[in-house]
Amino acid sequence: MLFRFVLTALIGMVAVPVVLATDGTVACDPSLRPVEISESGTVFTSLNYNGTAPYPPNQLCEYKFIGSVGQNVILTFDDIVLEECTDCNCDYIEVYDGPDDTSNLLTKMCGNVNTPVALASGADGFVRFVSDESTQGTGFSATFTVGNAACEGGVVLTEINGTFVSPNFPLNYGNSEDCTWTLKVPEDSYRVDVWFDSFEVEDRCMSDYVKMVDSTGNVLQTWWWEEGPQDPNVIFSSRSGQGDIDITFTSDSSVTRNGFRGYWRMGRYLPGTVPSRDI
Ligand SMILES: [Ca+2]
Ligand SMILES: [Ca+2]
């Protein structure tokens, strides 16, 4: 039997109560729908999960996963033992590709599924676990992690403004990184503004660097050790008609640093005006 207590975890400025088992896993709490989980590496389970005792009947559990822009939510189910019915209509797990059940359903699982992994397209994920009134299994245990999608094939971002960070920021990025953030403008008349408040790469000529590239492949900016964009008051802008903007990050095979945190904003281009920080 696992003992539980309520811990108030601070996520940003919002206090979110999370039910923790003594081993630090987040269990189902039917009174919290959803339980919000933002720490990569968190293990989450059905109620009473210990691999042997069954979960209760008539359960409705919801878990919401919150990563950062540029990351993907990755849910790895280490153990699933549920009642199995046709179309998984008795006891089941649903995984959604977004913040709630209005998002696309990625998978619906029941019975004894062999170590599935669900990968969300973005930084939000949502899981629902349901049990009916009869026949229970031992439940499930799963792990929430996040990955940097930009550095695993690239990511397309359509939000008007947001943040992008190097892998593992503020810890060191890795060797041989190859990352692309594509900032997709809603119309050709839009420009993209980019600025940084932190930038640290290897201090050797063009070993690790960041580029800003327009839709035709023209390099608008190259930032590296000697020409970094550390001043957050310096805004780099594309022009109207330059279309979508790629921000790329490349590192070579040795020596890493803390990397960078950058911001973007898309706006209608007004000739003769200086971009301001206001949206
Ligand atoms: Ca059942
Ligand atoms: Ca390097």
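Just to be sure I understand the filter: pairs with C-beta atoms under 6 Å, separated by 6 or more residues or on different chains, first member in region 190-211 and closer than 16 Å to Y263 by Cβ and assigned by TED's automatic domain parsing to the domain that holds S237, second member within 16 Å of ligand 2 (Cβ to nearest atom) and at pLDDT below 95. Which pairs pass?
F196/F260; S198/F260; F199/G228; F199/F260
From the set of residues in region 114-142 that are of a type in the set (S, T, N, Q) and either closer than 21 Å to C85 by Cα or modelled with pLDDT of 95 or more (or both), which is surrounded by the most Cβ atoms within 10 Å (Cβ to Cβ)?
As a first pass, look at region 114-142 and keep what is of a type in the set (S, T, N, Q): 114-115, 121, 131, 134-136, 138, 141.
The next check asks that each one be either closer than 21 Å to C85 by Cα or modelled with pLDDT of 95 or more (or both); those that pass are 114-115, 131, 134-136, 138, 141.
Numbers: N114: 6, T115: 9, S131: 25, S134: 10, T135: 14, Q136: 21, T138: 19, S141: 20.
Applying the filter and picking the extreme gives S131.
Can R261 be described as in a strand (DSSP E or B), farther than 15 Å from E200 by Cβ, touching an Asp or Glu at 6+ places or on another chain (Cβ under 7 Å) and away from ligand 1 (no atom under 16 Å from the Cβ)?
Details: in a strand (DSSP E or B): yes; farther than 15 Å from E200 by Cβ: no; touching an Asp or Glu at 6+ places or on another chain (Cβ under 7 Å): yes; away from ligand 1 (no atom under 16 Å from the Cβ): yes.
The answer is no for R261.
In region 204-213, is there at least one residue being polar (S, T, N, Q) and part of a strand (DSSP E or B)? First the steps, then the outcome.
Initial filter on region 204-213 (polar (S, T, N, Q)): 207.
Within this subset, residues satisfying the condition of being part of a strand (DSSP E or B) are none.
No, that holds for no residue.
If I filter region 53-62 for residues that are more than 30 Å from T180 (Cα to Cα), more than 16 Å from ligand 2 (Cβ to nearest atom) and hydroxyl-bearing (S, T, Y), do I get at least one hit? Explain how you work it out, then say what you get.
Looking only at region 53-62, we keep the residues that are more than 30 Å from T180 (Cα to Cα), and these are 53-62.
Still in the running and more than 16 Å from ligand 2 (Cβ to nearest atom): 53-62.
Of the ones still in play, those that are also hydroxyl-bearing (S, T, Y) are 55.
Looking through region 53-62, at least one residue is more than 30 Å from T180 (Cα to Cα), more than 16 Å from ligand 2 (Cβ to nearest atom) and hydroxyl-bearing (S, T, Y).
Considering each residue of region 143-169, count those that are surrounded by fewer than 24 Cβ atoms within 10 Å (Cβ to Cβ) and either in a loop (DSSP other than H, G, I, E, B) or of a type in the set (K, R) (or both), and give that number.
Residues meeting the conditions: 9.
Which residue pairs have Cβ atoms under 7 Å apart, sit 6 or more places apart or on different chains, and have a first residue in region 244-270 that is touching a residue at least 12 places away in the same chain (Cβ under 8 Å) and a second that is within 16 Å of ligand 1 (Cβ to nearest atom) and assigned to a loop (DSSP other than H, G, I, E, B)?
Final answer for the pair search is none.
Quick one: is Y269 of a type in the set (S, T, Y) and closer than 25 Å to S68 by Cβ?
The answer is no for Y269.
Taking region 100-109, which residues are more than 16 Å from ligand 1 (Cβ to nearest atom) and in contact with a strand residue (DSSP E or B) (Cβ under 7 Å, 6 or more places away or on another chain)?
Restricting attention to region 100-109, the residues satisfying the condition of being more than 16 Å from ligand 1 (Cβ to nearest atom) are 100-107.
Scanning region 100-109 gives D100, D101, S103, N104, L105, L106, T107.
Does S31 meet the test of being within 23 Å of L157 (Cα to Cα) and either of a type in the set (S, T, Y) or modelled with pLDDT under 95 (or both)? Outline the logic, then answer.
Details: within 23 Å of L157 (Cα to Cα): no; either of a type in the set (S, T, Y) or modelled with pLDDT under 95 (or both): yes.
No; evaluated as a whole, the condition is false for this residue.
Any residue at all in region 60-71 that's within 16 Å of ligand 1 (Cβ to nearest atom), over 22 Å from T145 (Cβ atoms) and assigned to a loop (DSSP other than H, G, I, E, B)? Lay out the reasoning, then the answer.
As a first pass, look at region 60-71 and keep what is within 16 Å of ligand 1 (Cβ to nearest atom): 60-61.
From what's left, over 22 Å from T145 (Cβ atoms): 60.
Right, trim to assigned to a loop (DSSP other than H, G, I, E, B) and you get none.
Checked region 60-71: no residue is within 16 Å of ligand 1 (Cβ to nearest atom), over 22 Å from T145 (Cβ atoms) and assigned to a loop (DSSP other than H, G, I, E, B).
If you check every pair at least six apart or on different chains, which have Cβ atoms under 8 Å apart with a residue in region 149-164 that is on the phi > 0 side of the Ramachandran plot first and a residue that is surrounded by 14 or more Cβ atoms within 10 Å (Cβ to Cβ) and among the polar types (S, T, N, Q) second?
G154/T180; G154/T182
Tell me whether region 173-196 contains one or more residues that are in a strand (DSSP E or B), basic (K, R) and farther than 30 Å from P30 by Cβ. Let's see the steps before the verdict.
Step one: of region 173-196, the residues in a strand (DSSP E or B) are 178-183, 190-196.
Filter once more, keeping what is basic (K, R): 191.
Right, trim to farther than 30 Å from P30 by Cβ and you get 191.
Within region 173-196, one or more residues are in a strand (DSSP E or B), basic (K, R) and farther than 30 Å from P30 by Cβ.
Results for (1) touching a strand residue (DSSP E or B) at 6+ places or on another chain (Cβ under 8 Å); (2) among the basic types (K, R); (3) not in a strand (DSSP E or B), shown as yes or no for each residue.
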| position | (1), (2), (3) |
| --- | --- |
| D78 | yes, no, no |
| C90 | no, no, yes |
| I93 | yes, no, no |
| G98 | yes, no, yes |
| G111 | yes, no, yes |
| V127 | yes, no, no |
| S134 | no, no, yes |
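The values are calculated or read from the model by the stated rules, or taken from the named source; none is laboratory data. Not measured: the values here are computed from a predicted model. Don't worry about glycine lacking a Cβ; one is built from the backbone with ideal geometry, like all the others, and counts go over all protein chains shown.
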